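Down below is the structure, laid out as structure tokens.
The values are calculated or read from the model by the stated rules, or taken from the named source; none is laboratory data. Given the structure is predicted, the values throughout are model-derived calculations rather than measurements. Methodologically, a virtual Cβ is constructed for each residue, glycine included, from the backbone with ideal geometry; neighbour enumeration extends over all protein chains shown.
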Amino acid sequence: MITAAADGSSLSNPGPAGWAWYIDDERWASGGWPHGTNNMGELRAVLELLRATAVDADQPLRVRCDSQYVINALTRWLPGWKRNRWRKKDGRPVQNVELLQALDEALAGREVSFEWVKGHAGDRMNEAADARARAAATAYRDHREPDPGPGYRPGSDRRPD
């Protein structure tokens, strides 16, 4: 099983935004935009984690996340939104639909579970993802490119048979 934390950050919300996923100090990635929301960052972190680990798609993936929005969106609300052509029950369009559609596609056929962790409460993996997402948002605020991180190495979480 691959276990990773995913987090997003936005300065001013909306404002300069960042995302990051973190497995350990040798396997993480981050990025962002000059203008976005924290929810965009949270969703993008999970999407980029799914894309990075797609080479090990046969391995179950556990995503540790401090965003109830992300967990509920991907585990509870997504089927209804799709049935309603990406509209909420009140008829209004779902926000972040492009990210949600990409996530829906990236989740297809994968064994992915989500674990909620309290943010800013000392969880080592969540704090590491949070720091990297915040650093990416800060880099965009300061008109710099964020550190993209080392990324993911295929097969690094496989156990011997």
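A few points about this structure:
- Test for THR53: is it among the polar types (S, T, N, Q), over 20 Å from ALA139 (Cβ atoms) and surrounded by fewer than 20 Cβ atoms within 10 Å (Cβ to Cβ): no
- Close pairs from segment 117-139: first in contact (Cβ under 8 Å) with a residue 40 or more places away in the chain, partner of a type in the set (D, E, K, R) and surrounded by 19 or more Cβ atoms within 10 Å (Cβ to Cβ), Cβ under 6 Å, at least 6 apart: VAL117/ARG64; VAL117/ASP66; GLY119/ASP66; MET125/ARG64; ASN126/ASP66; ALA129/ASP7; ASP130/ASP7; ALA133/ASP7
- Meeting the requirement of 3 or more residues that are modelled with pLDDT of 95 or more and either of a type outside the set (A, V, I, L, M, F, W, C) or in contact with a strand residue (DSSP E or B) (Cβ under 8 Å, 6 or more places away or on another chain) (or both), the helices (runs of 4 or more DSSP H) wholly within segment 48-118 are 68-72, 97-107.
- Residue match in segment 139-160 (condition: among the acidic types (Asp, Glu) and more than 21 Å from LEU50 (Cα to Cα)): yes
- Filtered by the rule that a residue be of a type outside the set (Asp, Glu), more than 14 Å from the chain's Cα centre (by Cα) and in a strand (DSSP E or B), segment 5-30 gives GLY15, PRO16, ARG27.
- Segment 17-42, residues that are farther than 21 Å from PHE114 by Cα and surrounded by 22 or more Cβ atoms within 10 Å (Cβ to Cβ): ALA17, GLY31, GLY32, GLY36
- Screening segment 75-106 for residues that are touching a residue at least 40 places away in the same chain (Cβ under 8 Å) and under 24 Å from ARG27 (Cα atoms) and picking the one that is surrounded by the most Cβ atoms within 10 Å (Cβ to Cβ) gives LEU103.
- In segment 108-130, the residue that is surrounded by the fewest Cβ atoms within 10 Å (Cβ to Cβ) out of those that are of a type in the set (Gly, Ala, Ser) and closer than 15 Å to ASN38 by Cβ is GLY119.
- Among the residues of segment 1-15, those identified as in contact with a helix residue (DSSP H, G or I) (Cβ under 6 Å, 6 or more places away or on another chain) and either small (Gly, Ala, Ser) or surrounded by fewer than 24 Cβ atoms within 10 Å (Cβ to Cβ) (or both) are ILE2, ALA4, ALA5, ALA6, GLY8, SER9, SER10, LEU11, ASN13.
- Note on segment 1-51: among residues that are among the small types (Gly, Ala, Ser) and without any contact (Cβ under 8 Å) to a residue 60 or more places away in the chain, the one that is nearest to ASN72 (Cα to Cα) is GLY36.
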